[in-house]
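Below: one structure, written as structure tokens.
The values are calculated or read from the model by the stated rules, or taken from the named source; none is laboratory data. The structure displayed is predicted, hence computed values, not measured ones. Using ideal geometry, Cβ is built from the backbone for each residue, glycine included, and neighbour counts are taken over all protein chains shown. Only protein heavy atoms, including side chains, enter the accessible area calculation; ligands, DNA and RNA are left aside. Shrake-Rupley method; radii C 1.70, N 1.55, O 1.52, S 1.80 Å.
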Amino acid sequence: MASSVGLALCGHALVVRGGSRFLATSTSSSDDDSLFIYDCSAAEKKSQEHKGEDGQPVDQGSDTVLASTFSKSGSYFVLTDDSKRLILFRTNPWQCLSVRTVVRRCTALTFTASEEKILVADKSGDVYSFSVLEPHGGGRLELGHLSMLLDVAVSPDDRFVLTADRDEKIRVSWAAAPHSIESFCLGHTEFVSRIFVVPNHPELLLSSSGDRTLRLWEYRSGRELHCCPLTSLQDPTEPWSDKRFAVSRITYWSQEDCVALSCDGLPVVYIFQLDAAQRQLVPRQLLTFQHRVWDAAFEEGNGLWVLQDCREDPLVLYRPVGGQWQSVPESAELKRVCAHVRVNWAMLEGCAGVDSGFSSLYKATCDNMTTYLKKKEERLQQQLEKKRRQAPPSGPNGPTKKMRAGESARGCSS
């Protein structure tokens with residue numbers, strides 16, 4: 001499920017989004033201090049009499065950005081909003097290339113590795129593809145699930161499309177023939193919130209779920225290699241330790257095979273080490289914050305950027321020092337980017353406390369035994385009450401004994 005606040009990084013390009021707007025800048029001190037700001041509420045909209053690709057009238061949304069991502073090279077950036085639009089940008093220089101309509105509100109999107117297509121997953125369980133080379137072309141239905149899709153990814157060679165849904169499944173489909181399913185990755189016990197194909201180990205997949213686990217898969221065979229409960233890094237004394245939560249972002253640092261997770265509404269970031277040789281995940285560190293963490297992303301060669309709900313320090317930069325991740329408060333690029341975010345804090349301010357929607361995806365639990373025992377006790381009480389009402393009244397010497405017919409006549413004869 002997409003969040004209305006997000007952070008995206010590719011190369012030195014950094015994007016912070018909130019509500020209907022996003023700002024883009026550079027983390028490099030050698031680049032000029034340019035800033036690109038875009039507001040979806042000013043983008044082209046279809047009027048009410050027009051219809052979407054499914055033939056239904058296009059209803060108007062609030063223009064809130066639901067999901068966004070960079071292409072692999074960073075040359076393109078794409079977003080989708082709740083007004084059912086797909087907006088494509090070129091990043092060097094920043095320029096809006098097209099505004100297209102999607103069939104339904106989207107939950108996730110990604111570029112193919114070749115950067116020729118954008119794959120868009122929606123709430124009805126379908127994946128549509130849109131051309132990058134033909135930026136005004138319509139969408140094409142590629143595949144569908146029977147339940148809501150929460151994430152979509154592609155393999156580094158573009159051979160497979162991976163999709164995660166609300167019904168605990170990860171499906172691996174052939175990109176050339178999406179109706180042909182290579183495998184399913186089954187094991188999660190709640191909705192699958194995020195999936196991530198490891199770029200420098202392309203046979204491996206990371207997944208997270210509402211069951212509070214991070215899992216490692218060999219996705220072509222559907223084999224689970226390792227399951228790591230997120231509670232292994234938690235302090236049980238923390239006030240949120242027994243709270244249900246789902247991972248809202250999986251980000252990866254190829255330089256150190258490091259995995260970072262941000263979770264919906266929690267003031268923490270989980271750090272794991274991927275041991276590809278042993279096919280396992282090793283818990284390393286739990287970063288804690290004074291404020292809610294909205295998102296996190298690695299910048300190769302620089303460190304981990306964390307976006308938090310704090311106007312004074314909206315972004316925090318972490319780097320590994322002596323085997324532990326530590327914040328870098330005196331970073332020049334951090335100060336410069338934070339200054340941009342503070343000036344445009346209004347776009348994030350309205351998103352404080354807004355739920356990303358994961359809370360509504362958990363399976364409903366029904367305790368039938370408790371209900372049964374309660375109803376049984378009520379029936380027994382009703383039966384006892386009925387017997388008390390039907391019992392004859394007590395005489396002066398105790399309960400009156402009921403006599404058989406004719407007994408009274410025999411007792412009176414002399």
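Couple of notes before you dig in:
- Which numbered condition Cys258 misses (of (1) touching a residue at least 24 places away in the same chain (Cβ under 8 Å); (2) closer than 28 Å to Leu361 by Cα; (3) not small (Gly, Ala, Ser)): (2)
- Yes/no for Ala296 being within 24 Å of Leu204 (Cβ to Cβ), among the aliphatic types (A, V, I, L, M) and without any contact (Cβ under 8 Å) to a residue 12 or more places away in the chain: no
- Among the conditions (1) modelled with pLDDT of 90 or more; (2) open to solvent by less than 20 Å² (accessible area, probe 1.4 Å); (3) in a loop (DSSP other than H, G, I, E, B), Leu86 misses just one, which is (3).
- Just so you know, in region 156-175 the residues that are over 20 Å from the mean Cα position of the chain (by Cα) and within 17 Å of Ala108 (Cβ to Cβ) include one that is surrounded by the most Cβ atoms within 10 Å (Cβ to Cβ), and it is Phe160.
- Test: residue in region 367-385 that is at pLDDT below 85, within 25 Å of Gly210 (Cβ to Cβ) and of a type outside the set (S, T, N, Q): yes
- Subset of region 103-123 [modelled with pLDDT of 95 or more and in a loop (DSSP other than H, G, I, E, B)]: Thr112, Ala113, Ser114, Glu115, Glu116
- When every residue of region 243-259 is checked against the conditions, at least one turns out to be at pLDDT 95 or above, of a type outside the set (Ser, Thr, Tyr), touching an Asp or Glu at 6+ places or on another chain (Cβ under 6 Å) and not in a helix (DSSP H, G or I).
- Single match in Leu150, Leu146 (criterion: surrounded by fewer than 20 Cβ atoms within 10 Å (Cβ to Cβ) and over 18 Å from Val99 (Cα atoms)): Leu146
- The residue list Thr112, Thr107 contains one member that is buried (at least 22 other Cβ atoms within 10 Å of the Cβ), of a type in the set (S, T, N, Q) and either closer than 23 Å to Val192 by Cα or in contact with a helix residue (DSSP H, G or I) (Cβ under 8 Å, 6 or more places away or on another chain) (or both), which is Thr107.
- The residue that is modelled with the highest pLDDT, counting only those in region 148-160 that are in contact with a Ser or Thr (Cβ under 9 Å, 6 or more places away or on another chain) and not in a strand (DSSP E or B), is Asp158.
- Scan region 50-63 for residues that are open to solvent by 30 Å² or more (accessible area, probe 1.4 Å) and modelled with pLDDT of 85 or more and the total you get is 1.
- Looking across region 209-236 at every residue that is of a type in the set (Asp, Glu) and assigned to a loop (DSSP other than H, G, I, E, B), the one that is most open to solvent (accessible area, probe 1.4 Å) is identified as Asp235.
- Scan of region 23-49 for residues that are modelled with pLDDT of 90 or more and touching a helix residue (DSSP H, G or I) at 6+ places or on another chain (Cβ under 8 Å), ordered by number: Leu23, Thr25, Thr27, Leu35
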